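K.L.:
One structure coming up, written as structure tokens, with questions to follow.
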Amino acid sequence: MDPAGSMQIAALIILVLLSAFFSGTETAFTSFNKTRMKTLAQDGNKKAASVLWIEDNYEKFLSTILVGNNIVNITASTISTLLFTAFIRGNASLAATVSTIVMTVIVLIFGEITPKFLGKDFADSYTMAVVGIVRFLMVILTPLTALFSLWKKLISKIFKRGDSSLSITEDEIITMVEEAQNEGGIDEHEGNLIKNAIEFNDLEVSGVLTPRIDIVAISDDTPMDEISEIFRSSGFSRLPVYHDTIDNIIGVVHEKDFYRLTHDGQRDLKAAVHEVMFITESMKISKLLRKFQEAKSHIAIVVDEYGGTAGIVTMEDVLEGLVGEIWDEHDEVIENIKAVSEDTYLVNGSAPMNELADIHEFSDDVLDDNATVNGWVLDNLGKVPEVGDSFEYENLSVEVTETDGRRASQIKVVINPLPEEDEDDDDKDQKEKHTDESDGAEAEEKASRSRLHA
């Protein structure tokens with residue numbers, strides 16, 4: 001082979017390597033971990049900061065990569081054609097065809113597919129390794145990329161883009177958290193905490209309050225000895241105080257203030273009653289948390305649309321909406337759903353309806369209309385529940401096993417197997433048609449035998 005041919009082959013190898021560089025770089029800069037790169041940049045890593053700068057100037061970067069890649073590939077095709085023309089003398093058409101086939105295979109394998117795989121798999125380290133070269137190319141190719149930038153502006157004016165939101169939605173963030181959890185980047189507890197924090201602003205007080213019927217409260221004329229016993233038996237450190245009726249709550253008494261009062265020999269409870277915050281059921285618990293912080297309070301009274309008491313909510317209730325159930329040494333641990341067998345469960349009537357959704361899929365309307373399991377039972381029974389009451393819901397058999405006043409405190413849920421799907425209508429029609437034809441043939445045969453006997 002003459003020196004010219006050797007130089008052409010060497011040039012082709014270099015051009016294919018450059019094509020691989022451009023292809024791999026494009027993929028790497030669209031695949032690197034932005035969160036990890038920002039963390040490195042904040043820690044003082046200059047290469048990571050340069051990578052983020054390129055991301056902020058992505059249009060210029062992309063134009064540079066496309067210009068460079070096309071220059072390399074076109075040059076490689078030209079040299080390849082000259083090389084094969086020299087090998088295949090006298091048949092330029094055949095030389096061009098062979099050159100096209102060979103260069104297409106080489107560029108696809110070594111200039112596109114392989115570097116893109118590697119660029120994606122080693123995106124973080126690759127981007128930091130080549131960021132200096134990329135910034136250099138962005139500078140020297142600026143005249144060409146500037147022309148393409150003007151062309152882009154012209155195209156944008158011709159084809160106006162409609163308004164579209166480029167912000168990331170909550171669902172997309174939750175999906176990213178789940179992906180990080182599945183890949184082992186964060187554990188289950190961290191993932192749940194992040195998802196709870198994202199959904200925290202959507203939760204309303206109605207979803208975390210203690211309902212009116214469960215409130216432990218005292219009247220402003222309750223004897224001091226009786227109040228002391230209520231503090232002891234309930235284990236609560238704060239009790240709402242009402243006048244005449246629980247719909248007229250006048251404040252809250254702290255256990256330590258109450259005992260300080262009795263220690264000083266005073267018998268007037270009002271001296272220990274503090275003002276209390278009143279809120280609505282529709283208030284977001286994120287807003288309530290800020291109100292608790294501002295008021296330096298730990299309890300609020302929830303009022304209904306008629307001004308009556310709907311329930312109470314505490315700081316602990318709000319925090320549980322963020323971090324999950326909080327138990328202390330005085331709490332009685334309650335298991336809302338207990339598996340009796342593979343398809344049978346005992347369910348606490350006060351459990352949130354979305355916990356029951358863990359064992360059966362309910363429609364959004366059912367979940368929106370019923371905050372607790374007891375509400376769902378009342379909705380299906382249509383009356384005050386009694387022990388032994390039962391109903392069927394889809395493939396669930398539900399029976400009330402315990403009641404507390406006018407509430408179902410516990411139910412038994414049996415998940416029945418889903419019925420087998422009926423045969424297709426076409427199959428039924430074919431069977432019926434086949435039966436009719438058989439019956440008709442049998443009748444005709446009997447008639448023929450009767451005529452013969454006659």
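K.L.:
Looking at segment 227-239, is at least one residue in contact with a His (Cβ under 6 Å, 6 or more places away or on another chain), under 29 Å from A371 (Cα atoms) and open to solvent by less than 30 Å² (accessible area, probe 1.4 Å)? Don't jump to the end; show me each part of the working.
P.N.:
Applying the first criterion (in contact with a His (Cβ under 6 Å, 6 or more places away or on another chain)) to segment 227-239 yields 235, 238.
Filter once more, keeping what is under 29 Å from A371 (Cα atoms): 235, 238.
After this cut, where a residue has to be open to solvent by less than 30 Å² (accessible area, probe 1.4 Å) as well, the list is none.
Within segment 227-239 (the criterion being in contact with a His (Cβ under 6 Å, 6 or more places away or on another chain), under 29 Å from A371 (Cα atoms) and open to solvent by less than 30 Å² (accessible area, probe 1.4 Å)), the answer is no, since none of the residues qualifies.
K.L.:
Whether any residue in segment 216-223 is of a type in the set (A, V, I, L, M) and either assigned to a helix (DSSP H, G or I) or within 36 Å of the chain's Cα centre (by Cα) (or both) is what I want to check.
P.N.:
If we filter segment 216-223 for residues that are of a type in the set (A, V, I, L, M), which is where we start, we get 216-218.
Among the residues that remain, those that are also either assigned to a helix (DSSP H, G or I) or within 36 Å of the chain's Cα centre (by Cα) (or both) are: none.
There is no residue in segment 216-223 that is of a type in the set (A, V, I, L, M) and either assigned to a helix (DSSP H, G or I) or within 36 Å of the chain's Cα centre (by Cα) (or both).
Here is a yes/no grid of residues against (1) modelled with pLDDT of 90 or more; (2) assigned to a helix (DSSP H, G or I):
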position	(1), (2)
M7	no, yes
F22	yes, yes
E26	yes, yes
A48	yes, yes
V51	yes, yes
E59	no, yes
V72	yes, yes
G90	no, no
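K.L.:
Checking Y242 against (1) surrounded by 16 or more Cβ atoms within 10 Å (Cβ to Cβ); (2) at pLDDT below 90, which single condition isn't satisfied?
P.N.:
(2)
K.L.:
Could you run through segment 22-45 and say how many residues are among the aliphatic types (A, V, I, L, M) and either open to solvent by 10 Å² or more (accessible area, probe 1.4 Å) or within 23 Å of the chain's Cα centre (by Cα) (or both)? Let's see the steps before the verdict.
P.N.:
If we filter segment 22-45 for residues that are among the aliphatic types (A, V, I, L, M), which is where we start, we get 28, 37, 40-41.
Next, only the ones that are either open to solvent by 10 Å² or more (accessible area, probe 1.4 Å) or within 23 Å of the chain's Cα centre (by Cα) (or both) stay: 40-41.
Residues flagged as among the aliphatic types (A, V, I, L, M) and either open to solvent by 10 Å² or more (accessible area, probe 1.4 Å) or within 23 Å of the chain's Cα centre (by Cα) (or both) within segment 22-45 amount to 2.
K.L.:
Check segment 370-378 and report whether any residue there is surrounded by 10 or more Cβ atoms within 10 Å (Cβ to Cβ), of a type in the set (A, V, I, L, M, F, W, C), at pLDDT below 90 and farther than 23 Å from D343 by Cα.
P.N.:
Yes, some residue in segment 370-378 is surrounded by 10 or more Cβ atoms within 10 Å (Cβ to Cβ), of a type in the set (A, V, I, L, M, F, W, C), at pLDDT below 90 and farther than 23 Å from D343 by Cα.
Conditions (1) of a type in the set (K, R); (2) more than 34 Å from the chain's Cα centre (by Cα), marked per residue:
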site	(1), (2)
R89	yes, yes
A92	no, yes
I101	no, yes
V105	no, yes
G119	no, no
Y126	no, no
R135	yes, yes
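K.L.:
A further question on this structure: When you scan segment 245-256, how many residues do you find that are in contact (Cβ under 8 Å) with a residue 40 or more places away in the chain and either open to solvent by 70 Å² or more (accessible area, probe 1.4 Å) or not aliphatic (A, V, I, L, M) (or both)? Lay out the reasoning, then the answer.
P.N.:
Kept after step one, since they are in contact (Cβ under 8 Å) with a residue 40 or more places away in the chain, are these residues of segment 245-256: 246-247, 249, 252.
Remaining after also requiring either open to solvent by 70 Å² or more (accessible area, probe 1.4 Å) or not aliphatic (A, V, I, L, M) (or both): 247.
Total satisfying the criteria: 1.
K.L.:
Could we say that E178 is without any contact (Cβ under 8 Å) to a residue 40 or more places away in the chain and either more than 22 Å from K287 (Cβ to Cβ) or in contact with a helix residue (DSSP H, G or I) (Cβ under 7 Å, 6 or more places away or on another chain) (or both) here? Give the derivation first.
P.N.:
On the way: without any contact (Cβ under 8 Å) to a residue 40 or more places away in the chain: yes; either more than 22 Å from K287 (Cβ to Cβ) or in contact with a helix residue (DSSP H, G or I) (Cβ under 7 Å, 6 or more places away or on another chain) (or both): yes.
So E178 passes the test.
K.L.:
Select from segment 137-183 the residues that are open to solvent by 100 Å² or more (accessible area, probe 1.4 Å) and part of a loop (DSSP other than H, G, I, E, B) and write down the one among them that is modelled with the lowest pLDDT.
P.N.:
Once the filter is applied, the top-ranked residue is D163.
K.L.:
Scan segment 254-286 for residues that are of a type in the set (K, R) and over 12 Å from R238 (Cα atoms) and jot them down.
P.N.:
Within segment 254-286, the subset of a type in the set (K, R) is 256, 260, 267, 270, 284.
Correct list: R260, R267, K270, K284.
K.L.:
Would you tally the residues in segment 193-225 being open to solvent by 60 Å² or more (accessible area, probe 1.4 Å), over 17 Å from V252 (Cβ atoms) and not hydrophobic (A, V, I, L, M, F, W, C)?
P.N.:
Selection size over segment 193-225: 7.
K.L.:
If you don't mind, another one. Looking at V98, V67, can you tell me which residue is farther than 22 Å from F136 by Cβ and either assigned to a helix (DSSP H, G or I) or not small (G, A, S) (or both)?
P.N.:
So the residue among V98, V67 that is farther than 22 Å from F136 by Cβ and either assigned to a helix (DSSP H, G or I) or not small (G, A, S) (or both) is V98.
K.L.:
Output the qualifying pairs, or none if there are none: Cβ atoms under 8 angstrom, residues six or more apart or on different chains, first residue in segment 395-418 and within 14 Å of N380 (Cβ to Cβ) and open to solvent by less than 30 Å² (accessible area, probe 1.4 Å), second residue of a type in the set (D, E) and part of a strand (DSSP E or B).
P.N.:
Qualifying pairs under 8 Å: V398/E392; A408/E402; I411/E399.
K.L.:
Still on this structure, I have one more. Out of S80, S19, which single residue is open to solvent by less than 20 Å² (accessible area, probe 1.4 Å), in contact (Cβ under 8 Å) with a residue 40 or more places away in the chain and in contact with a Ser or Thr (Cβ under 7 Å, 6 or more places away or on another chain)? Walk me through how you get there before you give the answer.
P.N.:
Details: S19 fails: in contact with a Ser or Thr (Cβ under 7 Å, 6 or more places away or on another chain).
Matching residue, one of S80, S19: S80.
The values are calculated or read from the model by the stated rules, or taken from the named source; none is laboratory data. What you are looking at is a predicted structure, and each value in this text was computed from that prediction instead of being measured. All Cβ positions, even for glycine, are placed from backbone atoms using ideal geometry, and neighbour counts span all protein chains on display. Protein only, heavy atoms only, side chains kept; ligands, DNA and RNA dropped before computing areas. Shrake-Rupley method; radii C 1.70, N 1.55, O 1.52, S 1.80 Å.
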